[in-house]
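Only one structure is covered here, and it is reproduced in the block below.
The values are calculated or read from the model by the stated rules, or taken from the named source; none is laboratory data. Because the structure is predicted, anything quoted here is derived from the model rather than measured. Positions of Cβ are generated from backbone atoms using ideal geometry, with glycine treated the same way; all protein chains shown enter the neighbour counts. All accessible areas refer to the heavy atoms of the entire protein, side chains included, with ligands and DNA or RNA removed. Shrake-Rupley method; radii C 1.70, N 1.55, O 1.52, S 1.80 Å.
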Protein chains: 2
Amino acid sequence: MVNVPQDKKLMTSIGDDAAAWYGDTSIQLATVDALVQDVHFSLNFTPWEDIGWKALAVNLSDIAGMGGAPRYALVSLALPDDTEVGCVTDLYKGMIELANQFGVDIVGGNVSRSSLAVVNVTVLGSAASILTRSMAKPGEQIAVTGYLGAAAGGLQISTGRFQFDSTAAASLKKALLRPYPRITEGKMLIDHGVRAAIDISDGLISDLGHVCQMSGVGALVEIDQIPIHPIIRNIFGSNALELALSGGEDYELLFTTSEEIVNKVKGAASCPITIIGEITIGDKIKLVDKQGTPFKPGKTGWEHFA
Amino acid sequence: MVNVPQDKKLMTSIGDDAAAWYGDTSIQLATVDALVQDVHFSLNFTPWEDIGWKALAVNLSDIAGMGGAPRYALVSLALPDDTEVGCVTDLYKGMIELANQFGVDIVGGNVSRSSLAVVNVTVLGSAASILTRSMAKPGEQIAVTGYLGAAAGGLQISTGRFQFDSTAAASLKKALLRPYPRITEGKMLIDHGVRAAIDISDGLISDLGHVCQMSGVGALVEIDQIPIHPIIRNIFGSNALELALSGGEDYELLFTTSEEIVNKVKGAASCPITIIGEITIGDKIKLVDKQGTPFKPGKTGWEHFA
């Protein structure tokens with residue numbers, strides 16, 4: 001759209017999970033993301049502490065997708081005049097709770113008046129080497145961390161269209177509002193020699209699409225291998241797969257590498273690591289079931305609050 | 001309000017123009033600022049190119065206030081669904097026009113849906129040493145770069161309460177919408193041994209207040225020395241001083257140092273450098289006229305669009 005100037009130190013520009021450039025002794029990472037009222041959260045549904053947690057978490061997840069270590073955060077708040085101080089304190093409380101778990105210092109900020117709340121967070125980090133979206137190679141296995149679909153399930157709670165017991169509801173709401181960034185796993189991938197990864201924020205198929213596009217490859221995904229979150233499988237039945245494929249906001253990592261390396265990562269990781277398919281020559285993503293019959297997913301399931 | 005964790009590498013935290021910490025070979029700087037629709041700009045009055053320029057400029061000015069060199073920018077846009085692509089292209093065009101003048105690369109970004117436009121920009125930079133708000137000492141001269149009041153004058157154009165000829169209107173509108181960050185002057189201050197500075201974004205008195213508060217000092221300002229912008233003096237007459245004192249958005253630098261250093265800076269700078277008063281013991285800002293009679297400014301003149 002516009003011609004963004006680049007310098008020789010830049011490794012990635014707009015188009016990966018985070019910007020990356022060579023610092024003096026390590027690779028520097030920077031990423032920015034925003035949560036917008038009535039798009040990413042509703043003040044009727046989302047406590048301020050959770051908004052704070054999530055606004056930082058989505059950025060930490062971008063750093064995780066690069067295999068980096070987060071270090072500093074800057075927070076820019078646009079808030080309505082009538083926002084109570086307690087709300088802002090709660091927002092920072094949730095954010096700092098997560099920041100402390102990864103040694104992230106909130107070093108700067110800005111507050112603007114606005115007719116609706118927008119929480120912008122910038123995170124700076126570093127890495128010795130990085131995971132990118134552009135390094136997937138045909139023949140590599142496609143694997144994901146954790147379970148998928150829970151955040152999208154959490155979003156369905158407010159619609160009243162499905163029956164949840166309170167334990168399931170709490171679990172899915174937590175998945176939606178308090179995603180736990182895969183920083184540890186991202187670094188582990190680097191340590192095991194993985195080169196290509198992305199964080200699954202838009203949805204599995206959409207984010208796999210980003211990897212395929214940036215790497216100039218295709219993919220074959222076996223839908224029966226998708227690690228659908230157990231609660232989602234129970235509650236949503238035949239809709240569960242769609243939530244896992246394109247529900248979004250799971251903030252797990254998708255990566256591609258050899259089967260040997262996947263197995264080593266499996267042995268080292270404390271979360272499930274599941275092979276869901278293979279990178280192919282071409283530019284298409286094909287989904288197949290156990291019998292090899294092509295599966296056509298419905299419309300992308302990612303729904304805004306609005 | 002909240003307990004922000006800090007590490008030993010941090011030099012300044014929330015409360016200076018930018019966050020600063022020790023990198024491996026230089027001091028790293030980071031700052032974030034937002035322009036919010038109907039607060040900082042009106043789409044009826046502000047071309048998208050100017051929004052782009054200004055959203056970057058206000059951040060570069062924060063880097064200038066630290067005496068640093070800006071290097072990378074990240075842009076996070078929250079935009080209504082019906083925003084035309086051409087508007088976004090124009091926004092980037094204005095931003096890149098300014099970025100190119102200071103060798104700044106826009107390395108990352110994010111776009112969110114929103115019911116109103118919010119433009120968040122993060123700028124990263126570096127410095128060998130920094131200017132801070134907390135280093136002003138009693139007996140030092142208070143000096144400012146450039147002229148004051150023009151941006152506030154530009155804001156008055158849309159009210160229709162004053163008469164402007166087209167040249168004056170264009171000049172003041174440019175001052176408001178296309179502030180030129182004092183990066184060169186900030187570095188020059190460092191080179192000449194200045195230690196305390198701030199960028200005048202909130203208004204002269206307000207920002208001098210930040211320096212006094214952070215440095216634990218007071219100030220004596222001679223109102224007849226204030227470098228009121230000539231056009232403002234002509235058009236606004238007796239209101240001109242108020243615009244210069246508290247109109248805000250001028251993005252000039254205020255600094256404190258010895259008279260000897262001010263004179264050296266004067267000799268080296270290509271913009272006016274004006275001594276407007278002196279740092280004093282205490283915690284009050286006193287304004288006096290030529291005769292030494294105390295002057296009491298009216299309410300702060302900074303007006304949002306809303």
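When you look at A:R71, is it crowded, with 22+ Cβ neighbours inside 10 Å, in contact with a strand residue (DSSP E or B) (Cβ under 9 Å, 6 or more places away or on another chain) and either closer than 30 Å to A:S26 by Cβ or more than 10 Å from chain B (Cβ to nearest Cβ) (or both), yes or no? Break it down into steps so the answer makes sense when it comes.
Values: crowded, with 22+ Cβ neighbours inside 10 Å: no; in contact with a strand residue (DSSP E or B) (Cβ under 9 Å, 6 or more places away or on another chain): yes; either closer than 30 Å to A:S26 by Cβ or more than 10 Å from chain B (Cβ to nearest Cβ) (or both): yes.
Here the answer is no, as A:R71 does not meet what is asked.
Tell me yes or no: at least one residue of segment B:227-249 is of a type in the set (S, T, N, Q) and crowded, with 23+ Cβ neighbours inside 10 Å.
Taking segment B:227-249 first, the residues of a type in the set (S, T, N, Q) are B:234, B:238-239, B:246.
Checking the rest, the ones that are also crowded, with 23+ Cβ neighbours inside 10 Å come to none.
Checked segment B:227-249: no residue is of a type in the set (S, T, N, Q) and crowded, with 23+ Cβ neighbours inside 10 Å.
Just wondering, is there one or more residues in segment A:21-30 that are under 18 Å from the mean Cα position of the chain (by Cα), more than 8 Å from chain B (Cβ to nearest Cβ) and open to solvent by 10 Å² or more (accessible area, probe 1.4 Å)?
Step one: list which residues in segment A:21-30 are under 18 Å from the mean Cα position of the chain (by Cα), which gives A:29-30.
Now narrow it down to the ones that are more than 8 Å from chain B (Cβ to nearest Cβ): A:29.
Filter once more, so that each one left must be open to solvent by 10 Å² or more (accessible area, probe 1.4 Å): none.
Scanning segment A:21-30 turns up no residue that is under 18 Å from the mean Cα position of the chain (by Cα), more than 8 Å from chain B (Cβ to nearest Cβ) and open to solvent by 10 Å² or more (accessible area, probe 1.4 Å).
All but one of (1) modelled with pLDDT under 95; (2) at positive phi; (3) of a type in the set (G, A, S) hold for B:A168, so report the exception by its number.
Every condition holds for B:A168 apart from (2).
Criterion first (within 7 Å of chain B (Cβ to nearest Cβ), surrounded by 15 or more Cβ atoms within 10 Å (Cβ to Cβ) and touching a Ser or Thr at 6+ places or on another chain (Cβ under 9 Å)) does A:A64 satisfy it? Talk me through it step by step, then tell me what you get.
On the way: within 7 Å of chain B (Cβ to nearest Cβ): no; surrounded by 15 or more Cβ atoms within 10 Å (Cβ to Cβ): yes; touching a Ser or Thr at 6+ places or on another chain (Cβ under 9 Å): yes.
Answer is no for this residue.
Looking only at segment B:90-108, which residues are facing chain A (nearest Cβ under 7 Å) and open to solvent by 40 Å² or more (accessible area, probe 1.4 Å)?
Within segment B:90-108, B:K93, B:N100 qualify.
Has segment B:263-274 got at least one residue that is assigned to a strand (DSSP E or B) and either within 14 Å of chain A (Cβ to nearest Cβ) or of a type outside the set (S, T, Y) (or both)? Give the steps one after another, and end with the answer.
Taking segment B:263-274 as the starting set, the residues that turn out to be assigned to a strand (DSSP E or B) are B:273-274.
Narrowing the set further to residues that are either within 14 Å of chain A (Cβ to nearest Cβ) or of a type outside the set (S, T, Y) (or both) leaves B:273.
Yes, segment B:263-274 contains a residue that is assigned to a strand (DSSP E or B) and either within 14 Å of chain A (Cβ to nearest Cβ) or of a type outside the set (S, T, Y) (or both).
Enumerate the strands (runs of 3 or more DSSP E) found wholly within segment A:16-111, keeping only those where 1 or more residues are at pLDDT 95 or above and of a type in the set (A, V, I, L, M). Walk me through how you get there before you give the answer.
On the way: elements: A:19-22, A:27-36, A:69-79.
In segment A:16-111, the matching strands (runs of 3 or more DSSP E) lie at A:27-36, A:69-79.
Looking at (1) hydroxyl-bearing (S, T, Y); (2) touching a Gly at 6+ places or on another chain (Cβ under 9 Å); (3) part of a loop (DSSP other than H, G, I, E, B), can you tell me which one A:S115 breaks?
(2)
Please go through segment B:109-130 and give me each residue that is more than 7 Å from chain A (Cβ to nearest Cβ), under 18 Å from A:A78 (Cα atoms) and open to solvent by 10 Å² or more (accessible area, probe 1.4 Å), ordered by number.
Once the filter is applied, which keeps residues that are more than 7 Å from chain A (Cβ to nearest Cβ), under 18 Å from A:A78 (Cα atoms) and open to solvent by 10 Å² or more (accessible area, probe 1.4 Å), segment B:109-130 yields only B:V111.
Would you mind stating whether A:R161 is in contact with a Ser or Thr (Cβ under 9 Å, 6 or more places away or on another chain), on the phi < 0 side of the Ramachandran plot, open to solvent by 10 Å² or more (accessible area, probe 1.4 Å) and among the basic types (K, R)?
Values: in contact with a Ser or Thr (Cβ under 9 Å, 6 or more places away or on another chain): no; on the phi < 0 side of the Ramachandran plot: yes; open to solvent by 10 Å² or more (accessible area, probe 1.4 Å): yes; among the basic types (K, R): yes.
Considered against the rule, which asks whether it is in contact with a Ser or Thr (Cβ under 9 Å, 6 or more places away or on another chain), on the phi < 0 side of the Ramachandran plot, open to solvent by 10 Å² or more (accessible area, probe 1.4 Å) and among the basic types (K, R), A:R161 comes out as no.
What about A:F255, is it closer than 17 Å to A:T184 by Cα, open to solvent by less than 20 Å² (accessible area, probe 1.4 Å) and not charged (D, E, K, R)? Walk me through it before giving the result.
Working: closer than 17 Å to A:T184 by Cα: yes; open to solvent by less than 20 Å² (accessible area, probe 1.4 Å): yes; not charged (D, E, K, R): yes.
Considered against the rule, which asks whether it is closer than 17 Å to A:T184 by Cα, open to solvent by less than 20 Å² (accessible area, probe 1.4 Å) and not charged (D, E, K, R), A:F255 comes out as yes.
Do we have B:S215 as within 16 Å of the chain's Cα centre (by Cα) and open to solvent by 10 Å² or more (accessible area, probe 1.4 Å) here? If you could, list the steps in order and put the result at the bottom.
On the way: within 16 Å of the chain's Cα centre (by Cα): no; open to solvent by 10 Å² or more (accessible area, probe 1.4 Å): yes.
In short, no.
Where in segment A:129-228 are there strands (runs of 3 or more DSSP E), lying fully within it, with 3 or more residues that are closer than 28 Å to A:L43 by Cα? If you could, list the steps in order and put the result at the bottom.
Numbers: elements: A:141-145, A:196-200, A:218-222.
Ranges flagged: none.
Residues checked against (1) among the hydrophobic types (A, V, I, L, M, F, W, C); (2) in contact (Cβ under 8 Å) with a residue 40 or more places away in the chain; (3) under 27 Å from A:D191 (Cα atoms):
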| residue | (1), (2), (3) |
| --- | --- |
| A:T46 | no, yes, no |
| A:D50 | no, yes, no |
| A:A55 | yes, yes, no |
| A:D90 | no, yes, no |
| A:F102 | yes, yes, yes |
| A:S112 | no, no, no |
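If the requirement is being at pLDDT below 95 and either farther than 19 Å from B:D202 by Cβ or touching a Cys at 6+ places or on another chain (Cβ under 8 Å) (or both), which of these qualifies: B:G247, B:G301, B:G237? So that I can check it myself, show each step before the final result.
Working: B:G247 fails: either farther than 19 Å from B:D202 by Cβ or touching a Cys at 6+ places or on another chain (Cβ under 8 Å) (or both); B:G301 fails: either farther than 19 Å from B:D202 by Cβ or touching a Cys at 6+ places or on another chain (Cβ under 8 Å) (or both).
From the options B:G247, B:G301, B:G237, the qualifying one is B:G237.
Just to be sure before I move on: is B:W53 within 17 Å of B:G103 (Cα to Cα) and open to solvent by 10 Å² or more (accessible area, probe 1.4 Å) in the structure I sent?
On the way: within 17 Å of B:G103 (Cα to Cα): yes; open to solvent by 10 Å² or more (accessible area, probe 1.4 Å): yes.
Yes.
For B:E84, state whether it is surrounded by fewer than 17 Cβ atoms within 10 Å (Cβ to Cβ) and under 23 Å from A:V39 (Cβ atoms). Steps first, answer last, please.
On the way: surrounded by fewer than 17 Cβ atoms within 10 Å (Cβ to Cβ): yes; under 23 Å from A:V39 (Cβ atoms): yes.
Yes; evaluated as a whole, the condition is true for this residue.
Regarding B:G154, is this residue open to solvent by 10 Å² or more (accessible area, probe 1.4 Å), in contact with a Ser or Thr (Cβ under 9 Å, 6 or more places away or on another chain) and not charged (D, E, K, R)?
Working: open to solvent by 10 Å² or more (accessible area, probe 1.4 Å): no; in contact with a Ser or Thr (Cβ under 9 Å, 6 or more places away or on another chain): yes; not charged (D, E, K, R): yes.
So B:G154 fails the test.
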